[in-house]
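Visitor: One structure follows; several queries about it will come next.
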């Protein structure tokens, strides 16, 4: 356990940061799941709408260090391709 006052403060800071990051990651996953469900249901309008709300959240998560920027770009790119493929 933390012995010094600075170590105790560091533990508090880490706990706060962890809570924020867990919330952001969970929110991102929820929105990605909504896109996946819309794609699975075959509703292109809902999928497009879900993607337009999910993409900024994913990119913001990359800015905040929740996921790597390449990972975020890859996720958005693949989902966009799948939504576009629904038109055919």
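Visitor: Among the residues of the stretch 11-29, is any outside any helix (DSSP H, G or I) and in contact (Cβ under 8 Å) with a residue 12 or more places away in the chain?
Guide: Step one: of the stretch 11-29, the residues outside any helix (DSSP H, G or I) are none.
Within the stretch 11-29, none of the residues are outside any helix (DSSP H, G or I) and in contact (Cβ under 8 Å) with a residue 12 or more places away in the chain.
Visitor: Right, here's the next one. Hey, could you check the stretch 61-73 for residues that are within 12 Å of the chain's Cα centre (by Cα) and in a helix (DSSP H, G or I) and say which is farthest from residue 20 (Cα to Cα)? Steps first, please.
Guide: Restricting attention to the stretch 61-73, the residues satisfying the condition of being within 12 Å of the chain's Cα centre (by Cα) are 61-69, 71-73.
Applying the additional criterion that residues be in a helix (DSSP H, G or I) yields 61-63, 69, 71-73.
Numbers: 61: 11, 62: 14, 63: 14, 69: 19, 71: 20, 72: 18, 73: 22 Å.
Restricting to residues being within 12 Å of the chain's Cα centre (by Cα) and in a helix (DSSP H, G or I), the top hit is 73.
Listed here are the residues, each with its yes/no results for (1) farther than 24 Å from residue 23 by Cα; (2) assigned to a helix (DSSP H, G or I); (3) without any contact (Cβ under 8 Å) to a residue 12 or more places away in the chain.
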site: 39; (1), (2), (3): yes, yes, no
site: 46; (1), (2), (3): yes, yes, yes
site: 55; (1), (2), (3): no, yes, no
site: 59; (1), (2), (3): no, yes, no
site: 76; (1), (2), (3): no, yes, no
site: 81; (1), (2), (3): yes, yes, yes
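Each value in this text was obtained by applying a stated rule to the coordinates, not by laboratory testing. Quick caveat, the model's predicted, so the values are computed rather than measured. We place every Cβ from the backbone using ideal geometry, glycine too, and count neighbours over all the protein chains shown.
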